[in-house]
Amino acid sequence: MSKIMAITNQKGGVGKTTTTVNLAASLAAAGRRVLLIDLDPQGNATMGSGIDKRDLEVTVYHVLLGRKTIAETRKNSEVGRYDVLPANRDLAGAEVELVDMPQRETRLRDALQAVASEYDYVLIDCPPALNLLTLNGLCAAKSVMIPMQCEYYALEGLSDLVNTIRKVRASLNPVLEIEGLLRTMFDPRNMLAQQVSDQLQQHFGNKVYGTVIPRNIRLAEAPSYGVPALYHDKLSKGTQAYLALANELLSIETKPITVA
Ligand code: ATP
Ligand code: MG
């Protein structure tokens, strides 16, 4: 069964897109079949996968409005070796158009049903807002990965997000769970980052991934070449961290089922 994961945090610039793109590439490099869904009108995950958002005639926008299927819309990221359901600024209009539509929160979930079995992992890059697009991501997903920077206000934002996830679980998607919290752009020399990281572990225990993503210039450079960092500088600390995160996910995936 495919693992469908929303990568979300309503705070901007915390590393959602960097995580989605590099995790997709790392899982694909490990032989997994991956679909990346770009739910952000900024189209950064699309561009970072080597697909030019300006050249697209159909995008996730057409899928959400029911005009196209995912099979008709997806592209292959040749460089990343995964499929992409791309986005561009067209998607900015979707919010308004969806409001009056039936099942407006579950349109992505419904569209995904036809192709989900073709993939081992579906990773959904959400925009920095708790809006209807993000809600579609949370309804389509079975779990949520929350990238976060270990800053002073990070925990406050986290409680809003956890409340939203609870509400979605209560009303629209009862199976939704928090997969894990990912510490991004981490600088171990920063005392505050260490303290926030410690607090995170106290509050969320084993929901915090063991893998930490360091601040690394190669991760920031790679999108300007339209490639995941794995194909920009394989040995960089950033690339290695995302490979380690993929391994952490795969080790959970392959954990034997214990019978009590
Ligand atoms: P948005 O909320 O706008 O969608 P985001 O949460 O998707 O942002 P990213 O776009 O992934 O965040 O990252 C924000 C910026 O930080 C980008 O310029 C990215 O290249 C850079 N960045 C992300 N992770 C790292 C890292 N570990 N080290 C250095 N730079 C990083
Ligand atoms: Mg983003």
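Odds and ends about this structure:
- Scanning segment 176-193 for residues that are surrounded by 14 or more Cβ atoms within 10 Å (Cβ to Cβ) and not charged (D, E, K, R) gives Leu176, Ile178, Gly180, Leu181, Leu182, Thr184, Met185, Phe186, Asn190, Ala193.
- Tally of residues being assigned to a loop (DSSP other than H, G, I, E, B) and over 18 Å from the mean Cα position of the chain (by Cα) across segment 173-207: 5
- Filtering segment 205-219 to residues that are of a type in the set (A, V, I, L, M, F, W, C) and touching a residue at least 24 places away in the same chain (Cβ under 8 Å) leaves Val208, Val212, Ile213, Leu219.
- Residue match in segment 151-161 (condition: among the charged types (D, E, K, R) and in a helix (DSSP H, G or I)): yes
- Options Val168, Val259, Val227; residue that is at pLDDT 95 or above, in a loop (DSSP other than H, G, I, E, B) and β-branched (Val, Ile, Thr): Val227
- Restricting attention to segment 115-162, the residues that are small (Gly, Ala, Ser) and either closer than 19 Å to Arg74 by Cβ or within 10 Å of the chain's Cα centre (by Cα) (or both) total 5.
- Residue list for segment 76-89, restricted to those being surrounded by fewer than 19 Cβ atoms within 10 Å (Cβ to Cβ) and free of Cβ contacts under 8 Å to residues at least 60 places away in the same chain: Asn76, Glu78, Arg89
- Ala92 meets each of the listed conditions (1) within 14 Å of ligand 1 (Cβ to nearest atom); (2) crowded, with 18+ Cβ neighbours inside 10 Å apart from (2).
- Restricting attention to segment 11-59, the residues that are open to solvent by less than 40 Å² (accessible area, probe 1.4 Å), among the polar types (S, T, N, Q) and either modelled with pLDDT under 95 or within 16 Å of ligand 1 (Cβ to nearest atom) (or both) total 7.
The values are calculated or read from the model by the stated rules, or taken from the named source; none is laboratory data. Predicted model, so just to flag it, every value in this text is computed and none were measured. Positions of Cβ are backbone-derived with ideal geometry, glycine not excepted, and every protein chain shown enters the neighbour counts. When the accessible area is computed, the model is the full protein with side chains, heavy atoms only, and any ligands, DNA or RNA have been set aside. Shrake-Rupley method; radii C 1.70, N 1.55, O 1.52, S 1.80 Å.
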